[in-house]
Every structure is written in C-alpha cells, then in structure tokens.
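What follows is one structure encoded as structure tokens, with my remarks underneath.
The values are calculated or read from the model by the stated rules, or taken from the named source; none is laboratory data. This structure is a prediction, so every number in the text was calculated from the model and none was measured. So basically every Cβ, Gly included, is an ideal-geometry build from the backbone, and we count neighbours across all protein chains shown. These area figures cover heavy atoms from the full protein model, side chains too; ligands, DNA and RNA do not enter into them. Shrake-Rupley method; radii C 1.70, N 1.55, O 1.52, S 1.80 Å.
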Amino acid sequence: MTRASAIDTITSYFDDGRFQDDLGALVAFETESQNPEKSGELARYLEEGMQPRLSGLGFACEIHTNPIAGAGPILVAERVEADDVPTILTYGHGDVIRGQTDQWRDGLHPFRLVEEGDRLYGRGTADNKGQHLINMAALDAVLQTRGRLGFNVRMVIETGEEVGSPGLAEFFRAHKDALAADVLIASDGPRLQPETPTLFMGARGGLTFDLVVDLREGAHHSGNWGGLLADPAMILAHALATITDARGQIRVPEWRPDSLTDDVRDTLRGLPIVGGDGPTIDEDWGEESLTPAERAFGWNSFAILAMKSGVPEAPVNAISAHARATCQLRFVVGTEPEEIVPALRRHLDAHGFQKVEIVPSRGGEFRATRLSPDHPWVQRVARSIELTTGRMPHILPNLAGSLPNDVFVDILGLPTVWVPHSYRGCSQHAPDEHVLKPVCRDALRLMAGLFWDLGMEDQGEP
C-alpha cells in the first residue's frame, strides 16, 4: 500500500492495453456539440460512458438538464470521504468539435480509435475525452491501492465546451454550494513540450465575432458596374488592415494589454516555446518587442478565422453584394470582454469604416484568468509531479488558448491548477486528432502520484 504501488497499478493499466480500450469506447460516442443532430449523443455519453465508470469508483452521480434550452446536459459526480479533508473539484468536457470525417487521411476515422506507432487517433483523444479518462483512471489506481482517496472529490463533466459552454455559468451560480471545493485540479489543453509536464493556472479569454459589409441585393456584372459600385470585399479588406499591421501587431488601442508585468515576464522567461512537434513558428509575426512566449501567454492576439465574398469555389464576373470575415480576439487578464466590441466600433468609425457591421458570436465567450505561480496549490502540485517524473514541470501563468476557467474563479472563487495531458501538435480541432502514447503513460503515472500525495499530506501520513 505505497505510492509506488499506485503508480505501478496505473502503469499496468496502460501497458496491458486497458487505457486504449477505454479510450476507444469513449471516442465512439459521436458527441459533436456543434451538430444539432447529435444532441442525443451528448446525453448518452454521460449516461453510458461516464456514469457507470464513476459509480464504480464510489461516486454519486446526477445528470442535470442545462439551464439554457437546447444546450447539452451537465453531469455532477461526488465522492465524500470525510468532513475534515480537502475537497478537490475536477472537470472535463465530453463534447467534441465536428468530426470532419471526409478530411481525415486514409485509414483513420474520427469516431474510431486507431493506434499507429506512438499515436492514438480519434476525435476527442486529446480534447478532452482522453484527458478526463486519465484523471479518472488515476483516482481508480489510488482507490485500488489504498482503499480510499484521503480527500473528497467533486467532478463536473459538461457537453458544450466546444460551443462556448452555454449554461455552465448559470448552472454554477444555481449550484454554488454543491460545487464548493478547496481547489480545481483539472486537465485540458497541451503541454508546452511533449516530454515535460506543464501546469497552467488560467487561460486567455476568447471572443469571436463577424465583420460584415452588406451593401445591396444581389451581385452585378463587373464590366457594366465596375468602378461604379462599391466593392464590399475591398472595403472589408481595408477595414481588417487597420486592426493590425502587416506583421499582426494590434492597432486597436484598448486591445493592447497592460498586464504583462515583470513577474509574468519572469515566469515566461526561458520557457521552450520554440521547437517540438507542430508547425515552425514565425519569429517575425506578432508584437515585435515581445518574445514568442510573451506573445502567446502574456499578450492579446487577433486572428481572421474565415473570409468570404462571392462564391470562391466558382467565381463569376460580378461585384459581390456582401462580404464577411469571422474574427477572434484571444486576450489576457486586463482586457474586459464587454469592452472589446465597443473599442473596435470606435476604431473602425475613426478610420471611416462605418459600413462595416460587427456581429458578435451567439456562443458564449470565455473571460481571461490567471493565478500566481507562487500560489501554495501550484507549488504543491509541482512538487508531486517532480517527485514522480524527476522533472520540474513548465509553469505558465495561463494557457494561450481559452476554456471556461472563469466560472471556477469568478463564481466558485477557487484557485485553479490545470495539468494538461496533450501536446501542441495533436491536431485538436482539425482532422487526424491524436494523442501521444508516451504522454498518456506519463500523465497517468503523474496523476496517480498527485492524487496519492493529496490524500496523504493533510493527514500527517509519511
């Protein structure tokens, strides 16, 4: 009944193929939250994929209807061992983005786990089914070894993260007492480098909106009307060009944050953001005065996700009536989401682009959050991971991407520590999504060690 025994138990779970089998069963649920036709799969994932597994670990489970009509259900599970031990809240999301089945390479399918070398392919392997499966399996390994956890656990599995977590904030406000805890320890997102564990304590916020130029009904012949009719695509292109300069440096004054403080810079200094799997970064892109790590984790970034005018697949000799660009701002602490669109409106108007309409996304936005790397819970988790792996984790003040961390911070008032189990080259949100087997094995071991340690420290055990 030792820490090493719990880690050996979880290692065997991976090495004999049970992790792959369990992950394959979860991947098979076609939980596309962006696809209304798959709404039944969201409930089935919780009922058939999660509830039996958690009940077997001694959790009391309840599946709740989302407070927003049409949004996916939310599972809350609870295992209470004592009144005088810490309570850990953890989280995962069972929904995935659209499968994009026809874009996966030959031999792969989004809803069938395929093992090739060191990779496990399938939609949700990285985001997020594989990650919350790892944490559940680690809890199981501790229970098998010690017979108890030594702490209480509350778990939330939602099914709408990929569409902005609709209803999650409202649900948390209504169930605040039932979700009370000492800390959130959860997993999502990628490691900074695949071979080294990572901790992050918050996330950049994200707001998506469309810029639309809608001038008239119908397209008109470019020979007859060229030079006489305003071109919406040209207007939109020039408007977009005022938002950043040619290397992507933000020009909207209110979008330039003031929260890249010296302590954040110190945390980011020396982090190995360059290299590893994934595309080669463009050193000459983004804020020129910042390092790559500061651009990704300490600054705001603007992206054009999609653009359309006319029919790109079959262009004709006509001046289009409409142009649209779907845009996104990822933002750090200090940028208030309520001020993003008004600031852009003022900016566009000042540059003469009153005809450009701003249409906010109907999905929810995520607020930016951040916790000091010196927080006791961060240091506690980091020490445990170093004990298991022999490596100090990379510690980030916040994730470069976005997730609903704000509901845990702003509504529940929790310190938040995220331990990601994927890597940046995993192709999440793209065809051929996958996880690395060595990362999964390492993650299972370090989480078993972490949960073992969390159940011992507060009880004076050796």
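Can you tell which of I281, G334, F172 lies farthest toward the positive end of the dipole of the chain, using +1 and -1 charges on the Cβ of basic and acidic side chains (Lys, Arg; Asp, Glu)? Towards the positive end, the residue furthest out is I281.
Expressed as a whole percent, how much of the Cα-Cα distance distribution for segment 179-252 exceeds 18 Å? Summing the P(r) of segment 179-252 above 18 Å gives 68 percent of all pairs.
With the convex hull drawn around the C-alpha atoms of segment 7-154, the volume per residue stands at 112 Å³.
Counting protein heavy atoms only, segment 355-427 has 49 percent of its accessible area on carbon and sulfur, 1.4 angstrom probe. The angle between the Cα long axis of helix 337-350 and the longest principal axis of the Cα atoms of the chain comes to about 20 degrees, rounded to the nearest 10.
Using only Cα atoms and rounding to the nearest 10 degrees, what angle (0 to 90) does helix 437-454 make with the longest principal axis of the chain? Rounded to the nearest ten degrees, it is 60. Taking the alpha-carbon distance from K355 and a cut-off under 20 Å, which lysines remain once sequence neighbours fewer than 8 residues away in the same chain are dropped? Qualifying lysines at Cα under 20 Å: K308. Note on segment 54-121: Cα-Cα pairs beyond 17 Å make up 65% of the total pair count.
In nm, give the distance between the simple-model label positions of A350 and S5, each being 7 Å from the Cα along the Cα-to-Cβ direction. With each label point 7 Å from Cα toward Cβ, the separation is 6.7 nm. Relative contact order for the chain: what percent, with Cα pairs under 8 Å and sequence separation of 6 or more? The normalised contact order for the chain reaches 25 percent. Computed from label points 7 Å out along Cα-Cβ, the spacing between R98 and A237 is 2.6 nm.
Tell me the angle of helix 18-27 to the major Cα principal axis of the chain, expressed in degrees between 0 and 90 and rounded to the nearest ten. On a 0 to 90 degree scale, this one is about 40. Across segment 284-298, rounded Karplus estimates of 3J(HN,Hα) from the backbone phi angles (6.51 cos²θ - 1.76 cosθ + 1.60, θ = phi - 60°) give 9, 10, x, 4, 5, 7, 9, 6, x, 5, 5, 5, 7, 10, x Hz, Gly and Pro being marked x. Gyration tensor analysis over the Cα atoms of the chain returns equivalent ellipsoid semi-axes of 41, 24, 21 Å (largest first, whole Å). Proximity of backbone amide H atoms, modeled 1.01 Å from N, is registered between C327 and F209, D210, L211, L305 at under 5 Å, excluding neighbours fewer than 5 places apart on the same chain. Along its first, second and third principal axes, ordered by size, segment 90-203 spans 48, 38, 25 Å in Cα coordinates. The lysines within cross-link reach of K437, meaning a Cα-to-Cα straight distance under 16 Å and a gap of 8 or more places when in the same chain, are K129. A 1.4 Å probe run over segment 195-262, with the rest of the protein chains in place, finds 45 Å² accessible per residue. Normalised per residue, the accessible area of segment 344-462 is 39 Å², obtained with a 1.4 Å probe and no contribution from ligands, DNA or RNA. The alpha carbon convex hull volume per residue for segment 213-362 rounds to 153 Å³. Basic side chains Lys and Arg get +1 at the Cβ, acidic Asp and Glu get -1 at the Cβ, and with that the dipole of segment 1-156 about its Cα centre reaches some 200 debye. One decimal place: the segment D177-A25 gains 51.4 nm when fully extended, by the rule 0.36 nm per residue minus the C-alpha distance. Put a plus charge on the Cβ of each Lys and Arg, a minus charge on the Cβ of each Asp and Glu, and nothing anywhere else: the dipole of segment 270-357 about its Cα centre is then about 460 debye.
The residue list L290, N135, N35 was ranked by how far each Cα lies along the charge dipole of the chain toward its positive end, using unit charges on Cβ atoms, and L290 comes out on top. Projected label points at D245 and E357, each 7 Å from Cα along the beta carbon direction, are separated by 3.4 nanometres.
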